[in-house]
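Colleague: This is the structure, below, for whatever I ask next.
Bear in mind these aren't lab numbers, they're just calculated from the coordinates by the rules spelled out. Not measured: the values here are computed from a predicted model. Cβ placement follows ideal geometry from the backbone for every residue including glycine, while neighbour counts extend to all protein chains displayed.
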Amino acid sequence: MKVGLIGLGNMGSGMAANLLKAGHDLTVYNRTPDRLKALVQQGAHSAAQVADACQGDAVITMLSDDAALESVVFGDRGVIASLGANAIHVSASTISIELAERLTTAHANSGQRFVAAPVFGRPEAAAAARLFVVVAGAPEALDVCMPLFEAIGQRTFRVGDKPQAATLVKLSGNFLIASVIEGLSEAMALVAKGGIDQHQYLDILTSTLFTAPLYKTYGGLIADKKFEPAGFAAPLAHKDIRLVLAASESLRAPMPLASLLQNRLLTLIARGGESLDWSAISQLAAEDSGVVPEPPLRR
């Protein structure tokens, strides 16, 4: 397929490389052009502006938040103004339910199609084409995009014809990941306070009832205190939990644990943790229990 990709951060760069490996004709755009070089060397076309990445069958956006996505979609030279008739905008970003609905309507009004395709997986999974892709949109649009999803992920899940459904699944999934991180943080602070080695404790957990990759990945980060470079930075996690709470309010589905997580992440950011992985909330649990974290969070 002839496809564009906008947003070459930790996730987008890996996705772009795998689209090239799968043989797609790829044009890439990033606000900071230095990220284009490696992909151009691999065969990608460089886009000088957003419009240049929107001249094919589809364009994929992988951006940090609603504001970043809106800035490239709307406007005189944005995605909607530049995509051709019946072309597809695939949003792989984690965005709000409200924006997913707005984009669906805006693209339909312009004779285009919108697909939500958020992904589960950290940057290393993106680089290895091992993402899990959750997609929703018109069935015929999803059919067209399947080669793209197969190029970036190990499995694709269809969750309906309304793009906001995929967005809701992604937000709820990130809430669950954050919940696991908080649970691990408290448990590992508890055993450390009791004099038990956290690495030994993690081995016991992941060798028995807690074999899921989440426990192994985030338990390892917590035990090693390895929060930089961030696979998923605290401000992005805080944004996602805010979006979860907004969805819970609109659907009248209380989520008290999400409120706790929002406060945990905000505290981490307020103490200077903007650049840290979201698993660094474990340092807060350690502080609460009297276990002094190393390195300490800045106050």
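Colleague: Could you tell me which numbered condition Phe114 fails, if it satisfies all but one of (1) within 28 Å of Leu20 (Cα to Cα); (2) out of contact with any Pro (no Cβ under 7 Å at 6 or more places or on another chain); (3) aromatic (Phe, Trp, Tyr)?
Modeller: Only one criterion is unmet by Phe114, namely (2).
Colleague: I've got another one for you. Looking only at region 1-19, filter to residues that are part of a helix (DSSP H, G or I) and either without any contact (Cβ under 8 Å) to a residue 40 or more places away in the chain or small (Gly, Ala, Ser) (or both); which one of those is farthest from Ser91 (Cα to Cα)?
Modeller: That would be Ala17.
Colleague: Going by the structure shown, is Ala286 under 21 Å from Leu202 (Cα atoms) and either touching a strand residue (DSSP E or B) at 6+ places or on another chain (Cβ under 6 Å) or not in a loop (DSSP other than H, G, I, E, B) (or both)? First the steps, then the outcome.
Modeller: Values: under 21 Å from Leu202 (Cα atoms): yes; either touching a strand residue (DSSP E or B) at 6+ places or on another chain (Cβ under 6 Å) or not in a loop (DSSP other than H, G, I, E, B) (or both): yes.
Yes.
Colleague: Mind listing just one residue for me: the one in region 179-218 that is in contact with a Lys or Arg (Cβ under 8 Å, 6 or more places away or on another chain) and touching a residue at least 24 places away in the same chain (Cβ under 8 Å) and, of those, nearest to Leu257 (Cα to Cα)?
Modeller: Once the filter is applied, the top-ranked residue is Glu182.
Colleague: Another one. Would you mind stating whether Ile222 is buried (at least 17 other Cβ atoms within 10 Å of the Cβ), touching a residue at least 40 places away in the same chain (Cβ under 8 Å) and under 21 Å from Val191 (Cβ atoms)?
Modeller: Answer is yes for this residue.
Colleague: I would also like to ask the following. Can you tell me which residues in region 158-191 are hydroxyl-bearing (Ser, Thr, Tyr) and in contact with a strand residue (DSSP E or B) (Cβ under 6 Å, 6 or more places away or on another chain)?
Modeller: Filtering region 158-191 down to residues hydroxyl-bearing (Ser, Thr, Tyr) leaves 167, 172, 179, 185.
Across region 158-191, the qualifying residue is only Thr167.
Colleague: I've got another one for you. Going through Phe157, Phe149 one at a time, which residue ends up being aromatic (Phe, Trp, Tyr) and in a helix (DSSP H, G or I)? Write out each step before concluding.
Modeller: Numbers: Phe157 fails: in a helix (DSSP H, G or I).
Of Phe157, Phe149, the one residue that is aromatic (Phe, Trp, Tyr) and in a helix (DSSP H, G or I) is Phe149.
Colleague: Could you grab the pairs with beta carbons closer than 7 Å, sequence gap of 6+ or different chains, first residue in region 227-250 and under 20 Å from Leu63 (Cα atoms), second one of a type in the set (Phe, Trp, Tyr)?
Modeller: From residues that are under 20 Å from Leu63 (Cα atoms), the pairs are Phe232/Trp278; Ala234/Trp278; Ala237/Trp278; Ile241/Phe175; Val244/Phe175.
Colleague: Follow-up question, since we're still on this one. Search region 20-36 for residues that are touching a residue at least 12 places away in the same chain (Cβ under 8 Å) and over 15 Å from Gly56 (Cα atoms) and pair each with any residue that is assigned to a strand (DSSP E or B) and not hydrophobic (A, V, I, L, M, F, W, C) when their beta-carbon atoms are under 6 Å apart and the residues are at least 6 apart or on different chains.
Modeller: Listed pairs, sorted by first residue: Leu36/Ser46.
Colleague: Moving on. Restricting attention to region 72-86, which residues are surrounded by fewer than 24 Cβ atoms within 10 Å (Cβ to Cβ) and over 24 Å from Asn10 (Cβ atoms)?
Modeller: Phe74, Gly75, Asp76, Arg77, Ile80, Ala81, Ser82, Gly84, Ala85, Asn86
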